[in-house]
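Just below is one structure, and these are the notes that go with it.
The values are calculated or read from the model by the stated rules, or taken from the named source; none is laboratory data. Quick caveat, the model's predicted, so the values are computed rather than measured. Here the Cβ positions follow ideal geometry from the backbone for every residue, glycine too, while neighbour counts run over all protein chains shown.
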Amino acid sequence: MSSDLTPKIKFRLNGIDMEKEVPAGWTLLRYLREELGLTGTKCGCEIGECGACTVLMNGKPVNSCLVMAPQIENASIWTIEGVTPPGGTALHPVQKAFIECDAVHCGFCTPGMVMTTIGLLLQNKKPDNSQIKQALAGNLCRCTGYIQIFEAVRLAAAMISENDMRPFRENISEN
Amino acid sequence: MNAVETLNPTNLAQALKAKANKNVVAVAGGTDLLVRLHDRITQPWPKLLILENVKELHKITVTKTAITIGPSMTFSEIENSAILRKKALQLVTAAASAGSVQIRNRATIGGNIANGSPAGDTIPPLYVLEAILELSSAKGKRTVPIEKFFTGPGKTVLKPTELITAIKIPNRSNHGFFMRLATRKALAISKVSVAVNIIMNKSKVESAKIALGAVAPTVIRATLTEEYLRGKEINQAIIDEAARIVQDEARPIDDIRSLAIYRKEMVGVLLKRGLESVTTNG
């Protein structure tokens, strides 16, 4: 049991094992952006309404603004930076689908949209339209892009292979 | 928002020991608590007790007579639980309709109860399922029926040194529904919610339990409507009258989310829709 102001904890970030002192009073969002420099995860409303800060925690989309940094102990976290396959310059199929469908306008909501989409496709390989809408209900886009975004999710579902999803599957608990 | 101390126990005994210090605030999913703390960024934060790694609180156990839900079970896990889908559909429907995917992946049933909001979506189902809460401290434990747990908006009988350690419901089949009304389907707090658990004897109502959310200082039972329905053969006239009676049992207020007059009307509408669906589905 740790009770330090900056407890040292173990977690996995984008597939890499970490052991770090994390600021106890910080949210995961702030920790990712201000300590680790991972600014792809966006800071929108900070109260769980907009989904711009969505990351995967043990394979499930969560609002990183509502997770305390010390709560990620032993968890596997994936951010948008980890989505692109390592080494290469290629994009992940979900990212390609968003570009293909013109589902990106200002781009602020896009990292969260992509992470939520990956979370959906991990659980449901062929979501129907209503499942897609429900899955993305927690991600707001203020540029009016929902139609293209739903199209992108459908295209992503058609394009992805198990290989594209495997990295995100680790540490997923059974319900 | 700096200089916060967190405690991160790995078992229940450690957690209860830490909670013996009554200035410690327990955080489960954090989806209510962090929103509240965010709004008081300039004030000192309490010492936070993280329950993430206390595995004893994060499971469902089933016996012949009872289903025991660990307070750290998330809304998503409740939504996907095979046993709860079979035996507590009201609770599953409520868990599935709250927040967003991101919120449901973090929000816990214990947190929803402890938060004490009259609009907490899992609470009306737990009323009609006759849930019993187990409250534990380092010194021992006690049980409290869920209806005796809440004393006002955000107020409960949970002592500062206690944690909710189990939520027990009877292991039996039941019939009923949960319905809610909010500004949008996702990510909106309920303006009105209705949970019903109904036992039919052939075409007659043997008993009905009705709980109303967000229309009184706590979730309440609609006992006059329950009494009215007992022994009745359900038909449209009976449903309409029940919907009229239940409106008078609601004691709503005007607030940021809705108006009292609208809430009263909608309690009746939700009950009516639900009873119609129960009776047409057999």
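Can you spot a residue in region B:248-266 that is modelled with pLDDT of 95 or more and within 30 Å of residue B:83 (Cβ to Cβ)?
no
Go through B:237, B:242, B:260 for me and flag whichever is free of Cβ contacts under 8 Å to residues at least 24 places away in the same chain, in the same structural domain as residue B:193 (by TED's automatic domain parsing) and farther than 23 Å from residue B:217 by Cβ.
None of the others qualify; the one that does is B:237.
Here is a yes/no grid of residues against (1) touching a helix residue (DSSP H, G or I) at 6+ places or on another chain (Cβ under 7 Å); (2) of a type in the set (Phe, Trp, Tyr):
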site	(1), (2)
A:91	no, no
A:97	yes, no
A:103	yes, no
A:111	yes, no
A:125	yes, no
A:138	yes, no
A:150	yes, yes
A:163	no, no
A:170	no, no
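If a residue has to be at positive phi and within 14 Å of the chain's Cα centre (by Cα) to count, how many in region B:127-153 make the cut?
1
Go through the residues of region B:24-34 one by one and say whether even a single one is among the aliphatic types (A, V, I, L, M) and assigned by TED's automatic domain parsing to the domain that holds residue B:123.
no
Pull up region B:187-232, narrow it to residues that are surrounded by fewer than 15 Cβ atoms within 10 Å (Cβ to Cβ) and polar (S, T, N, Q), then point me to the one that is nearest to residue B:269 (Cα to Cα).
Ranking the candidates gives B:223 first.
Would you be able to tell me the number of residues in region B:225-282 that are within 20 Å of residue B:90 (Cβ to Cβ) and assigned to a loop (DSSP other than H, G, I, E, B)?
5
Pairs under 6 Å by beta carbon, first residue more than 14 Å from every other protein chain (Cβ to nearest Cβ) in region A:66-88, partner not aliphatic (A, V, I, L, M) and not in a loop (DSSP other than H, G, I, E, B), six or more apart or different chains?
Matching pairs, first to second residue: A:80/A:111.
I'd like the full set of residues that are within 9 Å of chain B (Cβ to nearest Cβ) and in contact with a Leu (Cβ under 8 Å, 6 or more places away or on another chain), limited to region A:3-22.
Selection gives A:3 alone.
For residues that are assigned to a loop (DSSP other than H, G, I, E, B) and farther than 25 Å from residue A:65 by Cα, scanning just region B:8-26, find the one that is nearest to the other protein chains (Cβ to nearest Cβ).
Looking at residues that are assigned to a loop (DSSP other than H, G, I, E, B) and farther than 25 Å from residue A:65 by Cα, I get B:11.
Which number in (1) assigned to a helix (DSSP H, G or I); (2) at pLDDT 90 or above; (3) surrounded by 21 or more Cβ atoms within 10 Å (Cβ to Cβ) marks the one condition that residue B:29 misses?
With respect to (1) assigned to a helix (DSSP H, G or I); (2) at pLDDT 90 or above; (3) surrounded by 21 or more Cβ atoms within 10 Å (Cβ to Cβ), residue B:29 is out only on (1).
Restricting to region A:137-167, what's the tally of residues that are within 14 Å of chain B (Cβ to nearest Cβ) and in contact (Cβ under 8 Å) with a residue 40 or more places away in the chain?
4
Evaluate the following for residue B:102: is it touching a Leu at 6+ places or on another chain (Cβ under 7 Å) and outside the structural domain of residue B:215 (by TED's automatic domain parsing)?
When the stated conditions are applied, residue B:102 does not pass them.
Looking at B:50, B:83, B:103, B:109, which is the one that is surrounded by 16 or more Cβ atoms within 10 Å (Cβ to Cβ) and within 30 Å of residue B:199 (Cβ to Cβ)?
Answer to the check: B:109.
Quick one: count up the residues across region A:44-53 that are β-branched (Val, Ile, Thr) and more than 7 Å from every other protein chain (Cβ to nearest Cβ).
Residues meeting the conditions: 0.
Only one of A:56, A:29 is within 14 Å of chain B (Cβ to nearest Cβ), touching a Cys at 6+ places or on another chain (Cβ under 6 Å), aliphatic (A, V, I, L, M) and more than 27 Å from residue B:17 (Cα to Cα); which?
A:29
Please determine whether any residue of region B:114-130 is surrounded by fewer than 18 Cβ atoms within 10 Å (Cβ to Cβ) and farther than 18 Å from residue B:192 by Cα.
yes
Can you say whether residue B:180 is in the same structural domain as residue B:232 (by TED's automatic domain parsing) and at pLDDT 95 or above, as far as the supplied structure shows?
Considered against the rule, which asks whether it is in the same structural domain as residue B:232 (by TED's automatic domain parsing) and at pLDDT 95 or above, residue B:180 comes out as yes.
Look at region A:55-110 and say how many of its residues are at positive phi and in the same structural domain as residue A:18 (by TED's automatic domain parsing).
Here the count works out to 3.
Pull out all pairs, ordered by first then second residue, where Cβ-Cβ is under 8 Å, the residues are six or more apart or on different chains, the first lies in region A:95-112 and is in contact (Cβ under 8 Å) with a residue 40 or more places away in the chain, and the second is of a type in the set (Phe, Trp, Tyr) and surrounded by 19 or more Cβ atoms within 10 Å (Cβ to Cβ).
A:104/A:98
Among the strands (runs of 3 or more DSSP E) confined wholly to region A:27-110, which include 3 or more residues that are buried (at least 24 other Cβ atoms within 10 Å of the Cβ)?
Values: elements: A:54-57, A:60-63, A:76-78.
Filter on region A:27-110 gives A:54-57, A:60-63.
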